[in-house]
Amino acid sequence: MFDLEKIIRKNILELKPYSSARDEYSGKSAIFLDANENPFETGYNRYPDPYQRELKKKIAVLKGVAEENIFLGNGSDEPIDLLYRIFCEPRKDNVIIPDPTYGMYEVCANINNVAIKNVSLTANFELDVDRILKQIDENTKLIFLCTPNNPTSNSFKGEDVLKIIENFKTGIVVVDEAYIDFSSVPSLLNKLVEFPNLVVLQTFSKAWGLAGIRLGMAFASPTIVKFFSKVKYPYNINILTQRLALETISTKGDVKNVVKEILEERSGLGKELMKLSYVKGILPSDTNFLMVQVAEPKRLYEYLVDHQIIVRDRSKVHLCMGYIRITIGTPNENNKLLQTMSKFK
Ligand SMILES: *Cc1c(COP(=O)(O)O)cnc(C)c1O
């Protein structure tokens, strides 16, 4: 049986969180003389809602989950760091991270002085489920699964992800769905009720086109969300971000159109790239980027920089020998990339 209290750090279980003015009185329309704010209206003279209630209401409808299942962070980076601070005792606990994957899981482990057990993906970039499960010990608190995965661009097999969630009852499985809007594989959001050890991360940085406002989402059981809120900075999402996200969700409604356009571009760009003699292959992508294997990645990268086109050289990454990572751009940008790449000798 999964027992959340057993895996939360003792100091966090016992933590008395900061109580802000807006915690102690959260009603509306009053004369507010309680937070030492400047009373003269600037549009921004008041502290933001520490729990982003209006925004969470909108996101709950958008995602089909309850408001109690939502934590909002300063990018996904904030919930990633909070997971370490809530669950991992420094210099004692460990986490399991597949390799290769998104780099922030490792950086946050190092910042929090938490040991990492890396488990290589298989040769075709799938999860090595048996080796992951074998690595679990009594101090393993988190397993990170990024699906679709950055940088390999594939979604992991649903049955593999589920098997890990079902077999890890002494810690949390974090499923990072940053690229889910581009994916043909469904989200795990509808499994939250079934699995109290599941945390799903999503973000406004990719499909929503709002990387600049820094807004990430963590979906989890109401109890885990309460611990996120207990440990976060009181006013972690500023007013500008809250307002702009509300406005964007209200006016755009969803990301279907822009995702459709990016997926069409991805398919066209992939076909054209494959015609180049030095392109050896492209990994099947469930994301807004392509992993392209070329003969001379470093020289191609530098050539593209010289032509003011910046891609990511991933050729030194485990299992990614020869690969560069190309984010899908606008039609115009993709055409320029193709023109430039076709002249590479
Ligand atoms: C881009 C990306 C994110 C987004 O991070 P933010 O802090 O929300 O901008 C999260 N996870 C992965 C795997 C990513 O590639």
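Readers should treat all values here as calculations from the given coordinates under stated rules, not as data from a laboratory. Nothing here was measured: the structure is a model prediction, and the numbers come from that model. No Cβ is skipped: glycine too gets one built from the backbone with ideal geometry, and neighbour counts run over all protein chains shown.
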Of all C-alpha pairs within the chain, those more than 31 angstrom apart amount in percent to 40
The extension gain from Asn190 to Asp99, computed as 0.36 nm times the residue separation minus the Cα-Cα distance, is 30.1 nm
Mean shadow area (nm²) of the C-alpha convex hull around segment 97-249 is 9.7
Protection proxy (average C-beta count within 10 Å per residue), highest first, orders 7-13, 248-254, 195-201 as 195-201, 7-13, 248-254
Out of Pro79, Met104, Leu121 - ranked by how far each Cα lies towards the positive end of the dipole of segment 1-146, with unit charges on the beta-carbon of charged residues - the top one is Pro79
Once both label points are put 7 Å beyond Cα along the C-beta direction, the Asn238-Glu89 separation in nm becomes 3.8
P(r) of segment 96-168 over all Cα-Cα pairs, 10 Å bins starting at 0, rounded to whole percent, reads 19, 56, 24, 1
Taking the chain and counting helices only, DSSP H stretches of n ≥ 4 at -39,500 (n - 2.57) each over all residues, the nearest-500 ellipticity at 222 nm comes to -10500 deg cm²/dmol
Helix 53-63: inclination vs the chain longest Cα principal axis, degrees, rounded to 10, gives 40
If one compares the long axis through the Cα atoms of helix 297-306 with the longest principal axis of the Cα atoms of the chain, the angle in degrees, nearest 10, works out at 80
In the chain, taking the dipole from +1 charges on Lys and Arg beta carbons and -1 charges on Asp and Glu beta carbons about the Cα centre, the listed residue (Ile12, Phe40, Gly268) farthest towards the positive end is Gly268
Reduced to Cα centres, the span from segment 308-342 to segment 231-245 in Å works out to 34
Subtracting the Cα-Cα distance of Thr330 and His307 from 0.36 nm times their residue separation yields 6.6 nm
antiparallel share of DSSP beta bridges within the chain, to nearest 5, in %, is 50
Between Lys169 and Lys57, the FRET efficiency computed from the C-beta separation at R0 = 45 Å comes out, to the nearest 0.05, as 0.90
Label model pair Ala211, Glu5: point-to-point distance (7 angstrom along the Cα→beta-carbon line) in nm is 4.4
Under the 7 Å Cα-to-Cβ spin-label approximation, Ala295 and Val107 lie apart by a distance in nanometres of 3.5
Long-range share for segment 2-60, i.e. C-alpha pairs more than 15 Å apart as a percent of all pairs, stands at 67
For Arg131, the net charge from surrounding residues (Cβ-Cβ under 14 Å; K, R +1; D, E -1) works out to -3
Cα-Cα longer than 18 Å, checked against Lys163/Lys206; Lys58/Lys191; Lys280/Lys336; Lys57/Lys230; Lys58/Lys252; Lys92/Lys163, kept in input order, equals Lys163/Lys206; Lys58/Lys191; Lys280/Lys336; Lys57/Lys230; Lys92/Lys163
